[in-house]
Amino acid sequence: MARRSGAETFTARWRRSAHRARIALRRSGVDYFRGDGSDWIALAGLLIIIPVITCTTLLNPVWCSPTALALPIVAGGLLLRPASLLSLYATAAAALIVESIALGPYADGPARVTPGTVLVVAACGFFGLVLAQFRARVGVPWRRGGTMLFDLRERIRVQSALPRLPEGWHREMALRPAGGQSFSGDFVVAARTNGGRTLEVVLTDVSGKGMDAGSRALLLSGAFGGLLGSLPPHGFLPAANGYLLRQDWDEGFATSIHLVLDLESGDYEILSAGHPPALQLHAGNGLWEEKAAEGPLLGVYDGAQFDAVKGSLAPGDVLMLFTDGLVEASDRDMAEGIDRLTGEADRYVATGFEGAAWHLIEACAKDVNDDRALLLLSRRG
């Protein structure tokens, strides 16, 4: 009985120790791939791979050349921190010396360690160290860098979603960044206020384009989303202007247009901060009317005044808000671009504007190297 008890105790202790080791290993692996833990797992794996490559090279140097040592070095540049890379490089250098001694002078035959082999391995090590130092300075592991950019893009997309409108209204938004990138300097924030009766939409064009303006657009979209609905409509643009001035950016201006629409009566107000005018299609006569409000750019000077222009959407009317990338280009001015936009939009009058926003961007500014955004609001007849 005493022996059985001792055996059971030893087995239980061994199982508990193995369980704790497994949990610790799994936790370390999870933390590592999240970018929070030590890189000892990757370092240990790469240190094991180097002797394996060295032995394979010595046994069959034709199929596994000495330059194969560049593979763990490249992987180390992506996975390891700069301090850990030094240990990996020292091991790779020792392996290269062993291969050169065992295989003999490179003049005796193929698959030897030549000066070119040393240069290739050394160059891979240099670029790997540069990448590791850059990641260490930024503080974002390569495993999370792409995930973080994807998350930023999705946050901009979610913040640009338009709220649902009551029966009898249609809305859609199309956004196309410059150069086919995923980040844009154009964004929309929208909210239903006044108990859901009022729709407030702000379309903003941040200075710059593509990824250069994407980070500022993300910051401004969050700030503007917090301001929208928290202030009276006429107080939004002055507050947004003050926010940009406090950022003190070198390239910190933006244009913006603010729509305040009564969903019951169809009456609206438009306030603009240096933004292109809105366009309204009157179903009664089939003509487009420009709704241009007065106001300076955001982030230029303090105490700016923004004057509103009023209008009303009758059944069948359409209102378009857009950024200058849709109507301006190097070979045409804004007036010509607006004429082209209204001409393309006339094709949808008979069939309805459902799904028209993206097609209008494709027709009017498909190859323009600028961010383009178009917001359509229509009141069904």
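Quick look at the numbers
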read-out	value
Gain in span if fully extended, A122 to N194, counting 0.36 nm per residue against the direct Cα distance	19.3 nm
M173 - accessible surface, heavy atoms, 1.4 Å probe, Å² rounded to 10	60 Å²
The stretch 266-341: GluC sites (Glu not before Pro) in DSSP loop, at most 13 other beta carbons within 10 Å	E294
Three-way shape label, the stretch 166-253, alpha-carbon gyration tensor, a/c 1.5	oblate
Surface share of carbon and sulfur [accessible, 1.4 angstrom probe, percent] for the stretch 305-358	47 percent
Solvent-accessible ranking of I97, I73, largest area first, probe 1.4 Å	I97, I73
Two-decimal Rg/Rh across the stretch 231-321, once Rg and the Kirkwood Rh are taken from alpha-carbon atoms	1.05
The stretch 291-381: trypsin sites (Lys or Arg not before Pro) in DSSP coil with no more than 10 other Cβ atoms inside 10 Å	K366
The stretch 294-381, relative contact order in percent, only Cα pairs under 8 angstrom and at least six apart counted	40 percent
Net charge contributed by nearby residues that have their C-beta within less than 10 Å of A190 (K/R +1, D/E -1)	+1
Magnitude of the charge dipole, the stretch 243-358, Cβ model with Lys/Arg +1 and Asp/Glu -1, debye to 20	200 debye
Approximate shape of the stretch 243-381 as ellipsoid semi-axes (Cα gyration tensor, √5λ), whole Å, largest first	27, 20, 12
By accessible area with a 1.4 Å probe, ligands and nucleic acids excluded, highest first: order of W63, W249	W63, W249
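The values are calculated or read from the model by the stated rules, or taken from the named source; none is laboratory data. Just so we're clear, the structure is a prediction, and the values are computed from it rather than from any experiment. Cβ sites come from the backbone with ideal geometry, for glycine too, and all protein chains shown count toward neighbours. When the accessible area is computed, the model is the full protein with side chains, heavy atoms only, and any ligands, DNA or RNA have been set aside. Shrake-Rupley method; radii C 1.70, N 1.55, O 1.52, S 1.80 Å.
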